[in-house]
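A.B. asks: Take a look at the following structure, please.
The values are calculated or read from the model by the stated rules, or taken from the named source; none is laboratory data. Quick caveat, the model's predicted, so the values are computed rather than measured. Every residue, glycine among them, receives a Cβ derived from its backbone with ideal geometry; neighbour counts consider all protein chains shown. These accessible areas exclude ligands, DNA and RNA; they are computed on the full protein's heavy atoms, side chains included. Shrake-Rupley method; radii C 1.70, N 1.55, O 1.52, S 1.80 Å.
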Amino acid sequence: MNILTTEKISDYDLVEKLRKGDIDAFDQVFSRYASRLYGFALKYLKSKEEAEGLVQDVFLKIWENKKNIKKDSSFKSYLFTIAYHDMCRIFRSRQIYLKFVEKSGLVEKTAIDPEEQIEYKSALEQVNRLIEKLPEKQKRIFIKSRKEGKSSKEIAKEMNLAPGTVDNNISAALKFLRKHIPGDNFTLLLYFFIFVI
């Protein structure tokens with residue numbers, strides 16, 4: 001990934017323009033930080049494909065949330081914080097997949113059947129589609145709990161809610177998911193079991 005860096009404009013000025021939807025500012029931010037993010041991701045993920053995907057996801061989030069970027073905070077730290085959380089999500093997904101393999105009775109993890117991978121991805125997509133149907137606040141809480149691995153106290157503090165409210169929303173989300181997961185889909189149920197424990 002060969003990216004030309006531009007150091008003439010300060011991050012502060014770039015963020016100011018980016019917040020207004022300036023596409024040139026976005027391009028300059030990408031040029032300045034994409035290579036650094038890629039190197040950072042590749043070092044830990046050990047996968048060029050995942051590292052490139054992570055960089056794309058980070059900058060997509062930057063563009064989608066450009067109006068909410070704080071001008072007075074370190075933009076570099078903001079970028080790498082997003083990358084860090086994305087890497088945590090990837091590592092968590094890897095662990096879930098390994099559990100899926102073990103539960104499926106596949107001992108040889110180095111020779112995983114492509115059909116099993118397809119089943120897993122299909123199950124993941126179905127569960128994620130169900131999560132998207134949750135009420136907005138409930139969905140946010142559930143994702144923070146199950147995908148980001150945050151505790152009820154952390155979520156409560158972050159969202160300015162009572163811990164009990166957080167727990168109630170997680171329980172309601174789980175109840176909804178259990179209700180809508182097809183009972184005859186073993187793979188999906190298996191994934192769901194791993195995902196919610």
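A.B. asks: Among the residues of the range 123-142, which ones are within 18 Å of ARG92 (Cβ to Cβ) and modelled with pLDDT of 85 or more?
C.D. replies: Step one: list which residues in the range 123-142 are within 18 Å of ARG92 (Cβ to Cβ), which gives 123-125, 127-128, 131, 139-142.
ILE131, LYS139, ARG140, ILE141, PHE142 - these are the residues of the range 123-142 that are within 18 Å of ARG92 (Cβ to Cβ) and modelled with pLDDT of 85 or more.
A.B. asks: Exactly one of these conditions fails for ILE197: (1) exposed (fewer than 13 other Cβ atoms within 10 Å of the Cβ); (2) at pLDDT 80 or above; (3) closer than 21 Å to CYS88 by Cα. Give me its number.
C.D. replies: (2)
A.B. asks: Among the residues of the range 66-99, what is the count of those that are modelled with pLDDT under 80 and outside any helix (DSSP H, G or I)?
C.D. replies: Residues that pass the stated criteria total 3.
A.B. asks: Let me ask another. Name the pairs whose Cβ atoms lie under 8 Å apart, with the first residue in the range 144-166 and free of Cβ contacts under 8 Å to residues at least 12 places away in the same chain and over 22 Å from ILE90 (Cα atoms), the second open to solvent by 40 Å² or more (accessible area, probe 1.4 Å) and of a type in the set (Val, Ile, Thr), and 6 or more positions between them or separate chains?
C.D. replies: The qualifying pairs are ALA156/THR165.
A.B. asks: Next question, about the same structure. Does the range 31-46 hold any residues that are of a type outside the set (D, E, K, R) and either loosely packed, with under 14 Cβ neighbours inside 10 Å or in contact (Cβ under 8 Å) with a residue 12 or more places away in the chain (or both), and which are they?
C.D. replies: Hits for the range 31-46 are SER31, TYR33, ALA34, SER35, LEU37, TYR38, GLY39, PHE40, ALA41, TYR44, LEU45.
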